[in-house]
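Everything below concerns the one structure shown next.
Please treat every number below as a calculation from the coordinates, not as lab data. Model, not experiment: these values are computed from the prediction. All Cβ positions, even for glycine, are placed from backbone atoms using ideal geometry, and neighbour counts span all protein chains on display.
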Amino acid sequence: MANTTSAKKATRKIATRTAVNKSRRSRVRNFLRKVEEAIASGDQALAAAALKAAQPELMRAATRGVFHSNTAARKVSRLAGRVNAMQA
């Protein structure tokens, strides 16, 4: 257990940040799930719309430090490739 005042404050800050990051990560996963479901359903227009909504959320999470920026870019790239492949 933390003994000093600063250590106690740091513990509180970490708990708050963890909760916020958990919420952000969950929000991004929900957007990704919607894209996956749209791809699975075979509806190209719905998948493209879901991807368009998910991309800024992913990038925002990367900016905030929830995900690494390369991870977010990789996820967007792979999803975009799968959505575009539905047209062919």
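Some points to look at:
- Residue check, Gly81 at positive phi and of a type in the set (Gly, Ala, Ser): no
- Within region 48-88, the set of residues being farther than 24 Å from Ser23 by Cα and surrounded by 11 or more Cβ atoms within 10 Å (Cβ to Cβ) comprises Ala48, Ala80, Arg82, Val83, Asn84, Met86.
- Selection from region 38-55 of residues that are more than 16 Å from the chain's Cα centre (by Cα) and among the charged types (D, E, K, R): Asp43
- Residues that are without any contact (Cβ under 8 Å) to a residue 40 or more places away in the chain and either out of contact with any helix residue (DSSP H, G or I) (no Cβ under 6 Å at 6 or more places or on another chain) or of a type in the set (Lys, Arg) (or both), drawn from region 37-51: Glu37, Ala40, Ser41, Asp43, Ala45, Ala49
- Test result for Ala62, more than 16 Å from the chain's Cα centre (by Cα) and of a type in the set (Gly, Ala, Ser): no
- Lone unmet requirement of (1) within 13 Å of the chain's Cα centre (by Cα); (2) within 30 Å of Met1 (Cβ to Cβ); (3) loosely packed, with under 13 Cβ neighbours inside 10 Å for Arg24: (3)
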